[in-house]
Amino acid sequence: MISFALTAEQEMLRDGLVKFLDKHYDLAVSRAAVKTGPGWQPEIWRALAEDLGILGAALPEHAGGTGGGPVEMMVIAEALGNALVVEPYIDTAVLGAGLLHRLGGPRADEVLARIVDGTAVTAVAAMEAGPGLDDITTTARRDGAGWVLDGAKPVVTTAPLATHLLVTARTGDGGVSLFLVDFDAAAPPAGMTVHPLRTVDDRIAADLVLRDVQLPADALLGGPGDALGTVERAVDDATAAVCAEAVGCLRRVLADTVSYTKQRTQFGQPISRFQVLQHRMVDMYLEVEQASAATHLAIHGLGAGDAERARAVSAAKVTVARAARIVGQGAVQLHGGMGMTEELAVGHYFKRLTVIEHELGTVSAHLARYAALTRPAEATTTAV
């Protein structure tokens, strides 16, 4: 039986992070950093690493972490979502660190240690046009002892901030390989073109074009052609973390909406007294709790076999996407025209929830994966 209760240590982790964000993370300052500044607050990132130690909280001790796991990751992601933190925890400390930890090697271990201490930021360039992680046309060919990459990677989130890229490419054997690339968006490797952009939810990303990008032999992580399974597991970890982030966003949006309806008056009374609006907010509450429960199940399924893990994660992503739409749209509507203004937090949360619906796989893609994994085996007949 799965327990949703946190241990005393996990509660301390949550409470410490929440208190830090309440005191130091201002939404207006964060939006200004994204829109007109560097895209993030480096001092916040350093504090997350040095003062709170959360960048390694979900990693085992032998990987430089503090021995946590998926539940710690969930606790952190939910708290960050509640404060609408744009700093790249999931891209770096979940997805990037997960790939580096699983594939290992001297270079991977070096970057992993730098992630934990806050001096490295990773961006993962894995998705292309298709819904699957193996739907890629980027290629890697041998060139002496090294490798040469050719292809394009659209909308790589966090890339403009990254010190390292993790790039998937198809090698000569037809399999998917993973490459670790030292990176600086201001001075990218020769042959790489970086087109920065800002997404609708105020996050920074970039389209990458690779033409004869030369890499050393040790840029390859693991063996050639055998990275797909590892990438799929790491992306499932990241998808579960995004679901947890969404739950944090949803709880904040619901709380702000309830508070607003208690203050907004119409016909001489708070609109929270109108039964039809009470029913609407109850529906929103139920969506939040369903999303939370599905996320817990996904988090506890991350250590299971491939099929069980994938089913749990896809079920959570579909449930969270539904909640993001219903709660996000309901919050904006109950706030009236103010709901989409820059001045109110709910508009910013709505944008993030809208992106989460599609991030790391659309609803249709996850429904298709879930259906494929739960389809009963075809019955076989034996001739008599």
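The values are calculated or read from the model by the stated rules, or taken from the named source; none is laboratory data. Please read these numbers as outputs of a predicted model, since none were measured by experiment. As a convention, Cβ positions derive from the backbone with ideal geometry for all residues, glycine included, and neighbour counts pool all protein chains shown.
Table for the structure above
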read-out: Leu80 in a loop (DSSP other than H, G, I, E, B) and either among the polar types (S, T, N, Q) or out of contact with any Leu (no Cβ under 6 Å at 6 or more places or on another chain) (or both); value: no
read-out: One residue from Arg252, Arg170 being among the basic types (Lys, Arg), crowded, with 16+ Cβ neighbours inside 10 Å, under 30 Å from Thr36 (Cα atoms) and out of contact with any Pro (no Cβ under 8 Å at 6 or more places or on another chain); value: Arg252
read-out: Filtered residues of the stretch 259-279 (kept if surrounded by 15 or more Cβ atoms within 10 Å (Cβ to Cβ) and closer than 30 Å to Ser314 by Cα); value: none
read-out: Test: residue in the stretch 280-292 that is over 15 Å from Val253 (Cα atoms), surrounded by 15 or more Cβ atoms within 10 Å (Cβ to Cβ) and among the basic types (Lys, Arg); value: no
read-out: Check on Gly130, farther than 24 Å from His62 by Cα and in contact with a strand residue (DSSP E or B) (Cβ under 7 Å, 6 or more places away or on another chain); value: no
read-out: All positions within the stretch 219-246 that are surrounded by fewer than 15 Cβ atoms within 10 Å (Cβ to Cβ) and either touching a residue at least 60 places away in the same chain (Cβ under 8 Å) or part of a helix (DSSP H, G or I) (or both); value: Gly229
read-out: Residue match in the stretch 122-141 (condition: assigned to a helix (DSSP H, G or I), over 30 Å from Ala28 (Cβ atoms) and of a type outside the set (Phe, Trp, Tyr)); value: no
read-out: Qualifying residue in the stretch 298-306 (condition: assigned by TED's automatic domain parsing to the domain that holds Glu359, assigned to a helix (DSSP H, G or I), modelled with pLDDT of 95 or more and within 30 Å of Ser177 (Cβ to Cβ)); value: yes
read-out: Residues (outside any helix (DSSP H, G or I) and on the phi < 0 side of the Ramachandran plot) located in the stretch 247-269; value: Arg264, Thr265, Gln266, Gln269
read-out: Single unsatisfied condition, Leu360 versus (1) at negative phi; (2) modelled with pLDDT of 90 or more; value: (1)
read-out: Hits in the stretch 26-41 - residues which are surrounded by fewer than 18 Cβ atoms within 10 Å (Cβ to Cβ) and either touching a helix residue (DSSP H, G or I) at 6+ places or on another chain (Cβ under 9 Å) or not in a helix (DSSP H, G or I) (or both); value: Asp26, Leu27, Arg31, Thr36, Gly37, Pro38
read-out: Qualifying residues in the stretch 42-83 (those that are surrounded by fewer than 17 Cβ atoms within 10 Å (Cβ to Cβ) and acidic (Asp, Glu)) - the one modelled with the highest pLDDT; value: Glu43
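Conditions (1) part of a helix (DSSP H, G or I); (2) touching a residue at least 40 places away in the same chain (Cβ under 8 Å); (3) not β-branched (Val, Ile, Thr); (4) not assigned by TED's automatic domain parsing to the domain that holds Gly347, marked per residue:
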{"site": "Leu277", "(1), (2), (3), (4)": "yes, yes, yes, no"}
{"site": "Val282", "(1), (2), (3), (4)": "yes, no, no, no"}
{"site": "Glu289", "(1), (2), (3), (4)": "yes, no, yes, no"}
{"site": "Ala293", "(1), (2), (3), (4)": "yes, yes, yes, no"}
{"site": "His296", "(1), (2), (3), (4)": "yes, yes, yes, no"}
{"site": "Glu308", "(1), (2), (3), (4)": "yes, no, yes, no"}
{"site": "Lys317", "(1), (2), (3), (4)": "yes, yes, yes, no"}
{"site": "Ala324", "(1), (2), (3), (4)": "yes, yes, yes, no"}
{"site": "Val327", "(1), (2), (3), (4)": "yes, yes, no, no"}
